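Enquirer: Sharing a structure below in structure tokens format, with a few things to ask.
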Amino acid sequence: MTAEDPAALVLCLIPRHMRETVDALRALVREAVPDVNEKPQPRTKTFNYDHNGALLAISGYQSWASIGFIRGDQLTDESGLLEGTGAGMRHARFARGGPIAAEGIIALVRQAAELNERLGPPKGRSRGWGGGR
């Protein structure tokens, strides 16, 4: 692990037993939108993704991994994966070793990318993660 590999650094900061789940979610995001831009963030222990603006984030915690969608409140969640009631974000949680609803995640990621393409970057996130910085 070196400073030149921020993805490896983020993985090292995530609890060891959750790394496989986080990597599985990362692979599903890349499968859904191959040209997505992954931005590992060691400070927050997350993988942020841009596609015409901020799209989603993946995090690993002690008991679960989470994938959070910036425009989650605008997604049609036919698989029933999303949780949350905030003014925008929605997330799905996956326990260590538990099943990951791959088809549902891929559908949500593609839908989120299509929203960003159609509507432009989410408000306050014009340059992707980090807003106007």
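Enquirer: Going by C-beta contacts inside 10 Å, put Lys123, Lys45 in order with the fewest on the left.
Expert: In increasing order of surrounding Cβ atoms, one gets Lys123, Lys45.
Enquirer: Once every Cα of the chain carries one equal point scatterer and solvent is ignored, give the base-10 log of I(q)/I(0) from the Debye formula at q = 0.15, 0.16 Å⁻¹, two decimals.
Expert: -0.67, -0.76
Enquirer: Place the peptides 59-67, 94-102 in order of packing, highest mean first, counting for every residue the other Cβ atoms within 10 Å and averaging per peptide.
Expert: 59-67, 94-102
Enquirer: Can you give the charge dipole size of the range 6-119 about its Cα centre, rounded to the nearest 20 debye, using +1 on the beta carbon of Lys and Arg and -1 on the beta carbon of Asp and Glu?
Expert: Approximately 500 debye in magnitude.
Taken together, the values in this text are just the output of simple stated rules run on the coordinates, not laboratory data. Keep in mind that what you see is a predicted model, and the values were worked out from it rather than measured. Heads up, the Cβs are rebuilt from the backbone with ideal geometry, glycines too, and the neighbour counts pull from every protein chain shown.
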